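These notes are about the structure you will find just below.
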Amino acid sequence: MTSKKTWLITGAGRGMGVEFTKAALGAGHNVVATGRNPDAVAQAVGDSDDLLVVQLDVTSTPDAEAAVKAAIDRFGGIDVLVNNAASFYAGYFEELTAEQMERQLATSLIGPMNVTRAVLPVMRKQRSGHVVTISSSAGLVGFEYCTAYAASKFGVEGFMESLAPEVGPFGIHTTIVNPGFFRTELLTKESTNYAQASIEDYAERNAAQREFWEGQNGQQTGDPAKLAQALLRIVGEEQPPRRFIAGADAIVTAEQVIATLQREVDAFRGLSSSLSLDEVGSLS
């Protein structure tokens, strides 16, 4: 570790957020661990002189601003933001309600935007910082039964990709993390919200999908503690990557996406290349 940094981590009360917090503290950093229930966060991450637990519902702009103020008051700055808080609304698009879709986007897309917006003035003033946002393999490719979740993660991808050149001139780095299946609480009954089965045409596949997702809980091969250590290494890099594909299964998914995209480009390359205005083509 080259220097002691201050991390602000959302969704620190369980899953990856707990491991990120413990890893950063273990490496000697200051950590502002946030969550909707600060008592649950404190119980999950333990005690440390370098720890500040703050209430933060990422869907609330005032909460985000208050958390940043608390971080500044305690530690004097924020060097690393980890947008980790998320939710999972599963189900076929037609069966997901508009309210469920809105809640998914509010937590997993607008939430990271709210916290990042509150943190960036601090990082700009410092002329340094690192914004890390936890996306997913579902931010690389859509999956059946995951329309809401994938929509939020694809949105995160576009947000972070576009943010990078905006804040880079201020010495602020950005990294998207695309984890595969990691053994967290995301797929527990308390964390996964299922659309109510209501359309007969989907009934058979709905039952199979529900069985699959419930069966995945506790069977994921990814180790969140190892991901936390990998994140420490990435944040410590002088030139951190703009994207980190996390997990062997995520690498397989990413490579499949690349191969599929190349096939689709090649399949209609001639047609795609013929779409310029005629006068443009005659000048070339």
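Worth pointing out:
- Given (i) 37; (ii) 44; (iii) 32, the label whose value is percent of Cα pairs over 29 Å apart derived from this model: (i)
- Residues of segment 232-249 with amide N under 14 Å of a point placed 7 Å along Cα→Cβ from R124: none
- In Å², nearest 10: area of K4 left accessible to a 1.4 Å probe: 110 Å²
- Rounded Å value of the spacing that divides the Cα centres of segment 34-59 and segment 134-183: 24 Å
- Sequence of R205, R36 when ordered by accessible area, the most exposed leading, probe 1.4 angstrom: R36, R205
- Note on segment 196-248: with neighbouring protein chains present and a 1.4 Å probe, carbon and sulfur make up 46 percent of its accessible heavy-atom surface.
- Part-to-part distance (alpha-carbon centres) for segment 14-32 and segment 74-122, which is given in Å: 19 Å
- Rolling a 1.4 angstrom probe over the protein heavy atoms with all chains in place gives segment 56-196 an accessible area of 40 Å² per residue.
- Per-peptide average of other Cβ atoms within 10 Å, ordering 154-163, 76-85 highest first: 76-85, 154-163
- Computed FRET value (nearest 0.05) for N193 with K226, which takes r as the C-beta separation and R₀ as 22 Å: 0.20
- Structure-based [θ]222 nm, the chain - -39500 (n - 2.57) summed over DSSP H runs of at least 4, per residue, nearest 500: -15000 deg cm²/dmol
- Highest-fluctuation residue, E95, E211, E19 considered, GNM on the chain with Cα pairs under 10 Å: E211
The values are calculated or read from the model by the stated rules, or taken from the named source; none is laboratory data. As the structure is a prediction and not an experimental result, all values here were calculated from the model. Here Cβ is always computed from backbone atoms with ideal geometry, including for glycine, and neighbour counts include all displayed protein chains. Heavy atoms of the whole protein, side chains included, go into the accessibility calculation; ligands, DNA and RNA do not. Shrake-Rupley method; radii C 1.70, N 1.55, O 1.52, S 1.80 Å.
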